[in-house]
Every structure is written in C-alpha cells, then in structure tokens.
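*Asks:* After the structure tokens below, expect a handful of questions from me.
Please treat every number below as a calculation from the coordinates, not as lab data. The shown structure was predicted, so the numbers you read here are calculated from the model rather than taken from an experiment. Reconstructed Cβ throughout: ideal geometry from the backbone, glycine too, with neighbour counts over all protein chains shown.
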Amino acid sequence: MSNSLPRRALVTGASGAIGRAIALNLARGGAHVIVHANRQIDVVTRLADEIQAAGGNAHACAFDVTDRAAVHQACEMLLEDGPVQILVNNAGKHDDAAFPAMRESQWHQVIDVSLNGFFNVTQPLLMPMIRTRWGRIVNVSSVAALTGNRGQVNYAAAKGALNSATKALALEVASRGITVNAVAPGIIDAGMAGQVFDQAMIERLVPMKRAGSVAEVAALIGFLCSDEAGYISAQVISINGAMI
C-alpha cells in the first residue's frame with residue numbers, strides 16, 4: 001500500500017456517542033474511516049457525510065457483529081479496497097440485571113456482542129493487516145471488567161474476557177508491527193450518563209468529581225492508533241478520573 005494513501009480504519013459501533021467521537025478523531029488524524037452500525041445505517045451515513053464535508057475520508061457500513069457469516073461477507077467487501085490497518089472494536093451491549101434474576105438471553109447476548117463480536121470482526125481482517133507489517137487494534141472495555149459492578153455480571157464477564165484476549169493477541173502479533181490494546185472507560189458523559197449517574201453519585205464514585213467526555217476517550221484511542229504509540233501493546237488502559 002502506498003504511503004501516500006490514508007490508512008483505513010474500521011470503528012464498530014460508530015452510531016453511539018463514543019464510537020462517533022472515535023471516528024471523528026481518527027478522521028482528523030488522516031485515516032479513511034469506515035463507520036459501522038448494526039441497524040442504524042442512517043446515523044453512520046450522516047456521520048460519514050459529516051467527515052467528508054470537513055475534508056476527511058469516510059464511508060458507512062452495516063452488519064451484525066454477532067452474525068459470523070454476515071461479518072465475513074462484509075469484511076470481504078471492505079478488503080476489496082485494501083487492508084484495514086486500524087481496528088477499533090467499540091460495539092458493545094448492556095442488558096443489566098441482578099444475577100439471580102438474569103435471563104439466559106441477557107447473559108448470552110451481552111457476551112455475544114462484546115466478545116464474539118471481537119472475534120468475528122478481528123479474525124478476517126488480521127492476516128491482511130499482518131501483511132502490511134503495521135496495525136493498531138484497540139478494544140473498548142470497561143471499568144466494570146476491572147472492579148466489577150452490581151447488576152453487570154454478564155457485561156463484566158464479557159469485557160474481562162476481552163481484556164485477556166487483548167493481551168494474548170498482542171503477543172501473537174507483536175513481531176509484525178501490530179499493537180493490541182484495550183481502553184477501559186469509567187463514567188463517561190455519552191448522552192445517557194446523566195440518566196444513570198447524578199452529580200452526587202459521580203462525586204462519590206469519581207475522585208475527579210466529574211464524568212469523562214467522549215472526546216477524552218477518543219483522544220486516548222486516537223493516540224494508541226498512531227505511529228507514536230508503536231511500543232505500547234498488551235495494555236488495558238483505564239480512563240476513569242482516578243476511580244482505581
């Protein structure tokens with residue numbers, strides 16, 4: 001691939017506030033950003049249009065990360081235009097319940113999106129990335145995976161396994177110029193934080209006394225996807241206002 005061409009980046013779950021911020025950050029950094037959604041193709045299409053209107057490069061795609069056949073078909077189409085060298089596995093799902101009352105479907109669906117989705121999307125893109133001898137994979141985890149959280153046994157299990165997968169995959173590709181890291185946000189103002197955490201609760205839980213912003217999460221991920229972060233790999237990096 002010519003050095004004059006922008007690196008291609010795929011951001012899954014780009015229809016949400018954090019995914020949107022990640023995509024905008026990567027586009028500002030010069031990447032051609034593929035913005036993904038499951039059902040909300042209209043949302044990511046508007047995001048791609050916004051990036052292009054600002055002078056960046058982007059296009060939208062939609063597929064269900066839990067549907068392995070659909071993911072493979074989508075990835076084959078994406079790879080027709082060249083390798084994806086930056087992958088941000090941001091797609092995730094909450095379905096909270098106290099463990100005694102958790103339905104089997106809640107357990108499986110949350111793990112299916114965060115963990116099996118990582119496998120389904122990353123695996124078909126990995127060998128083309130390896131052949132370029134340069135790549136960045138960032139998996140979006142959660143503070144819940146590190147500290148636990150009541151009502152989120154399924155979510156903590158999914159993100160905890162994602163953290164372990166991050167470390168193991170980083171070892172496999174370290175000699176190929178590819179880094180693999182996870183970012184674990186704490187309380188982030190992503191549109192719904194105010195509905196879940198009032199200011200009094202935030203001040204009790206977060207030493208910095210505020211929620212983080214999606215731009216702060218995106219800036220960290222943007223750095224991890226840069227050339228400057230080439231010696232950082234196999235890390236789970238928290239961004240949580242000194243919660244832990």
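*Asks:* Work out the charge dipole of the chain with +1 on the Cβ of Lys and Arg and -1 on the Cβ of Asp and Glu about the Cα centre, then indicate which of 48, 33, 73 is farthest towards its positive end.
*Replies:* The listed residue farthest towards the positive side: 33.
*Asks:* For residue 174, what is the net charge nearby, where nearby means another residue's Cβ is under 14 Å from its Cβ and Lys, Arg count +1, Asp, Glu -1?
*Replies:* Working: positive: 133, 136, 167, 176; negative: 172.
After counting each charged neighbour, the total is +3.
*Asks:* Still on this model: Please name which of 61, 17, 108 has its Cα lying farthest along the dipole of region 1-158 towards the positive end, using unit charges on Cβ (Lys, Arg +1; Asp, Glu -1) and the Cα centre as origin.
*Replies:* The Cα lying farthest towards the positive end belongs to 17.
*Asks:* For residue 72 and residue 49 in the same chain, what is the full-extension length gain: residue separation times 0.36 nm, less their Cα-Cα distance, in nm?
*Replies:* Working: separation 23, 0.36 × 23 = 8.28 nm, distance 2.53 nm.
Length difference between fully extended and current span is 5.8 nm.
*Asks:* Roughly speaking, what % of Cα-Cα pairs in the chain are separated by over 31 Å, rounded to a whole number? List each step's numbers first, then the result.
*Replies:* Details: 5507 of 29646 pairs.
I get 19 percent for the Cα pairs in the chain exceeding 31 Å.
*Asks:* Out of every Cα-Cα pair in region 40-134, what percent are more than 22 Å apart? If you can, show how the numbers build up before the last one.
*Replies:* On the way: 1853 of 4465 pairs.
Beyond 22 Å sits 42 percent of the P(r) for region 40-134.
*Asks:* Still on this model: So how much slack lies between residue 213 and residue 200, counting 0.36 nm per residue of separation and subtracting their Cα-Cα distance, in nm?
*Replies:* On the way: separation 13, 0.36 × 13 = 4.68 nm, distance 1.76 nm.
Working it through step by step, the gained length comes to 2.9 nm.
*Asks:* Peptides 167-180, 59-72: what's the order by average Cβ count within 10 Å, highest mean first? Walk me through the numbers before you get to the answer.
*Replies:* Values: 167-180: 16.4, 59-72: 18.1.
The densest-packed peptide leads the list: 59-72, 167-180.
*Asks:* What are the ³J(HN,Hα) couplings of region 131-146, residue after residue, when phi is run through the Karplus curve with 6.51, -1.76, 1.60 and θ = phi - 60°? Round to Hz, x for glycine and proline.
*Replies:* Couplings: 5, 7, 6, 7, x, 9, 10, 10, 9, 8, 9, 6, 4, 4, 6, 9 Hz.
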